[in-house]
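**Q** I have a structure here, written as C-alpha cells, and I will follow up with some questions on it.
The numbers here are math on the coordinates, done by the rules we state, and not lab data. Keep in mind that what you see is a predicted model, and the values were worked out from it rather than measured. As a convention, Cβ positions derive from the backbone with ideal geometry for all residues, glycine included, and neighbour counts pool all protein chains shown.
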Amino acid sequence: MPNRPHITTVLSLSLLILLGAIGGCTSQSVTLQPPGDSDDPLEMINGLGNELSEARGQEVHILSPEWFEKAQKSYIDAKQGLESGKALSAVINHIATAEAQLQRARTVSDLSRDTLADAIEARTMARKAGATSFSKDYAKVENTFLDLTRAVEKNKLK
C-alpha cells in the first residue's frame with residue numbers, strides 16, 4: 001500500500017496518546033495493550049467480537065456489567081469507525097480500549113464468582129427451576145443481583 005503507515009507505528013502512537021489522556025484516572029481505568037498480531041483492523045474487530053460473544057456465554061456481562069458494557073461500546077465504536085472510514089489510529093484505539101475493558105471485566109467476573117459464589121449458585125438453581133417465568137418478581141431479584149455484581153466492580157465488598 002502506498003504511503004500507508006505500518007499499523008504497529010499507528011498503534012504505538014495511539015496508545016501513547018490514549019495512555020496520556022487517561023493516566024490520571026482512578027481505579028476505574030484500564031491498562032492498554034497492543035490489540036494483537038494482526039495488521040488487518042477488520043480481523044481484529046471480528047476477533048474482538050468473538051471474544052465478547054465468548055465472554056457473554058461465560059456470563060461476564062452479568063458478573064461485571066459495567067466493564068462489559070464499556071467493552072461492548074468500545075467494540076461498537078471501533079466497528080463503526082472502520083465502516084465510516086475514520087482514521088486507523090482511532091479504530092485501533094477503540095480496539096485496544098475494548099480489549100483492556102474486556103480483560104478488566106473478566107478479572108472482575110472472576111472476583112464476583114469467588115465473592116458471590118452462594119448467590120450465583122442460588123440464581124442458577126432458581127433459573128433452572130423456572131424463576132424467569134415470574135417475570136415481575138424475577139426482574140426485581142435479578143436487579144438486586146446486578147447491584148451486587150456492580151458493588152464488586154466498585155470494590156465495595158461489604
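**Q** Which value, in debye to the nearest 20, describes the size of the charge dipole of the range 87-143 about its Cα centre when Lys and Arg Cβ atoms bear +1, Asp and Glu Cβ atoms bear -1, and nothing else is charged?
**A** Dipole of the range 87-143, to the nearest 20 debye: 180 debye.
**Q** Using a Cα-Cα cut-off of under 22 Å, which lysines could be cross-linked to LYS70, ignoring same-chain neighbours fewer than 8 residues away?
**A** LYS79, LYS86, LYS154, LYS156
**Q** Show me, for the range 69-80, the HN-Hα J-couplings you get by feeding each phi into the Karplus relation (A = 6.51, B = -1.76, C = 1.60, θ = phi - 60°), rounded to Hz, glycine and proline as x.
**A** Per residue, the Karplus-derived 3J(HN,Hα) values read 4, 4, 4, 4, 5, 5, 4, 4, 4, 5, 4, 5 Hz.
**Q** Which semi-axis lengths, in whole Å and largest first, follow from the square roots of five times the eigenvalues of the Cα gyration tensor of the range 87-151? Display every interim value, and only then the final one.
**A** Values: eigenvalues 214, 45, 18 Å².
Three semi-axes, in Å: 33, 15, 9.
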